[in-house]
Amino acid sequence: PGGVAVIHDPRRDAPPDVLAAFNAMRAEVGYKPTTLAEKFTLAEAEALVADAGLSAVATVSSGDGLAALGFEILIRRPA
């Protein structure tokens, strides 16, 4: 009771400029560019939450700046 789960994953529909900035930072340290083809869009993540019957206890959000690269699903179990 009262537990919390957080799922964070990159978005397939991340803003192109944010993805470019993220990949530029990866390149600076020798990492390959990240790809998002197998990821979910923000709308698909919201649909997954609804389909799982978690809409009453979960929120799906995405931030600004580099945080727009991903989404977060916050699930709160009622106390």
Query - Local net charge near Arg11, Cβ-Cβ under 10 Å (Lys/Arg +1, Asp/Glu -1) - result: -1
Report summary line: Long-range amide H partners of Phe40, meaning residues 5 or more apart or on another chain whose placed amide H is closer than 5 Å, are Arg12
Query - Counted charge near Ile73, where neighbours are those whose Cβ lies closer than 14 Å (Asp, Glu -1; Lys, Arg +1) - result: -1
**Report entry** Computed P(r) (all Cα pairs; the chain; 5 Å bins; percent)
**Finding:** 3, 15, 22, 20, 15, 11, 7, 5, 2, 0
Requested in this report: Any chance you could give the angle, 0 to 90 degrees and rounded to 10, that helix 16-28 forms with the longest Cα principal axis of the chain?
Outcome: 60
**Report entry** Value of relative contact order over the chain, rounded to a whole percent, pairs C-alpha under 8 Å and six or more apart
**Finding:** 49
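Read-outs: derived from the displayed coordinates by stated rules, not from any lab. Keep in mind it's a predicted model, so treat the numbers as computed, not measured. A quick note on method: Cβ atoms are made from the backbone with ideal geometry, for glycine too, and the neighbour counts reach across all protein chains shown.
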